[in-house]
Amino acid sequence: MNKLPKKGDLVVATVKKIMPYGAFLTLDEYPGIEGFLHISEVASKWIKSITQYLKVGERTVVKVLNVEEGKTVVDVSLRRVKEDEKRKKLEEFMNIKRSIKLIQAALKKAKSKKRLDKILKAIDELYETPYDFVLYLKDEGVGIAEEVGIPKKVGKILYEMVVSAFKPKKAVVKGKVSISIIEPNGIEILKKAFEGIEASYLGGGHYLIRVEKDDYKTANKEMRKIFDSIKTFLSSYNAEVSCEVVE
């Protein structure tokens, strides 16, 4: 019997067929299982056609509403999935696929006869997902590869691949500074106000500042420091300053 998702689960799905009253989607994480999306679960408002929101072949994220044992079709909803939930789920899904491809590539590069499906089964018994496994491998080293039946030679290759593929992402915060200054040497004053600060001039007295750090908290803190520095410097002059963090 095919594995079924649980009620309330967020699942990645690909649109298979669209009809006037609903759509059928294949559930990418559950082979052989489909989702039925009724038109009333597409959007929170009345819609004329599902094609306003979905196209055949499009990948999206839906929420499981109802599951019946023994059946291969579950009821799903699109309108009950928030944008941030969709983004996180798709990112997680792609990371899992990427992790499996890395394991497969390491086996191929090492010319190992070890079967991928057996390794994935062992990973499934010890870890939440293959992505969790490769992240743990990255942090703990090649030794843990043998726990899931990966030969030492393959483990070394996989470790190098994982370290290269999953480099930590930097957090980026952007800030907009708007300045109106009435001084005879205003340009020179502004140069001093932005000394040591990387800023792009947007025109009309507006400047864009970009801060990149290891995490958002640190990046935000640094941006606030920059805002305070500019405001403090210009407080001695005839100038109006406004600062805001932008997307």
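Listed by first and then second residue, the pairs linking a residue in region 37-52 that is assigned by TED's automatic domain parsing to the domain that holds M19 to a residue that is basic (K, R) and surrounded by 14 or more Cβ atoms within 10 Å (Cβ to Cβ), with Cβ atoms under 7 Å apart and 6 or more places separating them unless they lie on different chains, are E41/R79; V42/R79; A43/R79; S44/R79.
Okay, residues lined up against (1) buried (at least 16 other Cβ atoms within 10 Å of the Cβ); (2) among the polar types (S, T, N, Q); (3) in contact with a strand residue (DSSP E or B) (Cβ under 8 Å, 6 or more places away or on another chain):
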{"position": "I144", "(1), (2), (3)": "yes, no, no"}
{"position": "P151", "(1), (2), (3)": "yes, no, no"}
{"position": "V154", "(1), (2), (3)": "yes, no, no"}
{"position": "V162", "(1), (2), (3)": "yes, no, no"}
{"position": "K170", "(1), (2), (3)": "no, no, yes"}
{"position": "I182", "(1), (2), (3)": "no, no, yes"}
{"position": "I189", "(1), (2), (3)": "yes, no, yes"}
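A single member of K109, K82, K55, K71 is within 30 Å of L158 (Cα to Cα) and among the charged types (D, E, K, R), and it is K109. The listed residues are I47, I18, and the only one of them that is in contact with a helix residue (DSSP H, G or I) (Cβ under 8 Å, 6 or more places away or on another chain), farther than 30 Å from F133 by Cβ, surrounded by 14 or more Cβ atoms within 10 Å (Cβ to Cβ) and modelled with pLDDT under 95 turns out to be I47.
Would you pick out the residues in region 74-130 that are among the hydroxyl-bearing types (S, T, Y) and farther than 26 Å from K169 by Cβ? I'd like the intermediate steps shown before the answer.
Start the filter on region 74-130 by keeping residues that are among the hydroxyl-bearing types (S, T, Y), which leaves 77, 99, 112, 127, 129.
The answer is S77, S112.
Checking region 197-208 against the condition returns no match, with no residue being buried (at least 17 other Cβ atoms within 10 Å of the Cβ), over 30 Å from L107 (Cβ atoms), touching a residue at least 40 places away in the same chain (Cβ under 8 Å) and of a type outside the set (S, T, N, Q). The number of residues in region 97-128 that are exposed (fewer than 14 other Cβ atoms within 10 Å of the Cβ) and of a type in the set (S, T, Y) comes to 0.
The values are calculated or read from the model by the stated rules, or taken from the named source; none is laboratory data. From a predicted model like this one, the values you see are computed outputs, not experimental measurements. Here Cβ is always computed from backbone atoms with ideal geometry, including for glycine, and neighbour counts include all displayed protein chains.
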